[in-house]
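First up is the structure itself, then whatever we jot down about it.
The values are calculated or read from the model by the stated rules, or taken from the named source; none is laboratory data. Here the structure is a predicted model, which is why all the values come from computation and not from measurement. Glycine also receives a Cβ, built like all others from the backbone with ideal geometry; neighbour counts cover every protein chain displayed.
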Amino acid sequence: MLNIKRPRYAKYETGENQPDYITLIKLADLFGVSTDYLLGRENDKLVNQSDDVTYLLTNLNNHLKDLDVNVTDIIDIKKWRYLNQKDIEEIKNHIDWISYKARKRIGK
């Protein structure tokens with residue numbers, strides 16, 4: 001899940017090496033804890049993810065990277081040329097649905 005080899009992970013476990021920033025975020029996501037908890041900066045291992053916009057957007061960005069989707073690809077029409085009309089409508093409907101749910105949740 002972390003896309004790292006076992007020897008590298010073992011060095012994290014023994015304290016011989018420290019994970020880089022991206023790996024630290026992936027570890028926090030994997031275990032459902034904050035990066036501050038992993039770094040020993042806080043005792044509360046739970047992160048209030050539903051209110052942390054930075055966390056949520058970072059998580060989305062990481063997911064896109066895991067799917068090998070560059071953010072600039074999203075607006076590059078040439079990258080989407082293999083989609084048909086049904087695919088495009090499905091994407092639009094999904095975006096509309098997510099937006100509707102978010103507005104409803106905050107009362108707008």
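Which fully enclosed helices (runs of 4 or more DSSP H) of the range 4-43 have 2 or more residues being within 16 Å of Asn59 (Cβ to Cβ)? Even if it seems obvious, please write down each step before you answer.
Details: elements: 6-14, 21-31, 35-38.
In the range 4-43, the matching helices (runs of 4 or more DSSP H) lie at 21-31, 35-38.
Looking only at the range 60-78, how many residues end up being at pLDDT 70 or above, more than 11 Å from the chain's Cα centre (by Cα) and either in a helix (DSSP H, G or I) or among the basic types (Lys, Arg) (or both)?
Count: 3.
Check whether at least one residue in the range 40-59 is outside the structural domain of Lys101 (by TED's automatic domain parsing), at pLDDT below 70 and within 27 Å of Pro7 (Cα to Cα), and report yes or no.
Yes, some residue in the range 40-59 is outside the structural domain of Lys101 (by TED's automatic domain parsing), at pLDDT below 70 and within 27 Å of Pro7 (Cα to Cα).
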